[in-house]
Amino acid sequence: MVCKGVGRVEAERSINIELLPGIEDNQLIKVNGMGEAGERGTAAGDLYIRVRIKPHSVFERHATELVVAYELNLLDLLLGKKIEVPSISGGTISAEIPAGFNLKDLLRIPHEGMPRFGSSARGDLLVSL
C-alpha cells in the first residue's frame, strides 16, 4: 500500500463498540479518533455509527414503553385470575386485571419496559388484551 503523498494508506480495522441498554433506533454513536486518518500526520477524525434496531418478535417498542399482546380467556377474567405475560428479560410477569377495567385499554405494568438510556430506570410494559 502506498500513501500517494498524503501520509496515510487505505486499510481496514475492527473495533468493538459497547451498546448500552435502552439505545434508540436511529441513534448516533460518536467514537473519538476512530475515523479516517488525517492528512500529513494530523489527528484521525471521528467515527459516527447510526444504530438500527431490528423489530422484536413479541414486543413492540415505543421509546421506553413496550407493548405485548395477550390473548385473554373470558373465564379467567370472570374468575379474577392473574395473567402471566412475557417480560423483556425472558421470564414472565404476573398481573391482575382491575375490576371494571376497559378491555380496549392497555394494561400498564410499571417499570417492566425498556431501560432508559444512560439510567437504571425503566419504562412501562403495556399489555394489549
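The values are calculated or read from the model by the stated rules, or taken from the named source; none is laboratory data. No experiment lies behind these values; they were computed from the predicted model shown. Using ideal geometry, Cβ is built from the backbone for each residue, glycine included, and neighbour counts are taken over all protein chains shown. Quick note on the areas: whole protein, heavy atoms, side chains included, nothing else; ligands and nucleic acids left out. Shrake-Rupley method; radii C 1.70, N 1.55, O 1.52, S 1.80 Å.
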Checklist entry - Out of the stretch 89-106, which residues are open to solvent by less than 60 Å² (accessible area, probe 1.4 Å), within 30 Å of Gln27 (Cα to Cα) and touching a residue at least 24 places away in the same chain (Cβ under 8 Å)? => result Ile93
Item to check | Selection count, the stretch 109-129, where residues are open to solvent by 60 Å² or more (accessible area, probe 1.4 Å) and more than 18 Å from Asp25 (Cα to Cα) | outcome: 4
Checklist entry - How do the pairs read when you match residues in the stretch 53-67 that are more than 18 Å from Thr92 (Cβ to Cβ) and touching a residue at least 24 places away in the same chain (Cβ under 8 Å) with residues anywhere that are surrounded by fewer than 13 Cβ atoms within 10 Å (Cβ to Cβ) and among the polar types (S, T, N, Q), using Cβ under 9 Å and keeping only pairs 6 or more apart or on different chains? => result Ile53/Asn26
Checklist entry - Do we find a residue being assigned to a loop (DSSP other than H, G, I, E, B), touching a Pro at 6+ places or on another chain (Cβ under 9 Å) and closer than 20 Å to Ala121 by Cβ anywhere in the stretch 64-76? => result yes
Checklist entry - Restricted to the stretch 53-63, and to residues that are assigned to a loop (DSSP other than H, G, I, E, B) and under 10 Å from the mean Cα position of the chain (by Cα), which residue is surrounded by the fewest Cβ atoms within 10 Å (Cβ to Cβ)? => result Lys54
Item to check | Filter result for the condition that a residue is in a loop (DSSP other than H, G, I, E, B), open to solvent by less than 80 Å² (accessible area, probe 1.4 Å), among the aliphatic types (A, V, I, L, M) and in contact with a Lys or Arg (Cβ under 6 Å, 6 or more places away or on another chain), over Ala37, Ala44 | outcome: Ala37
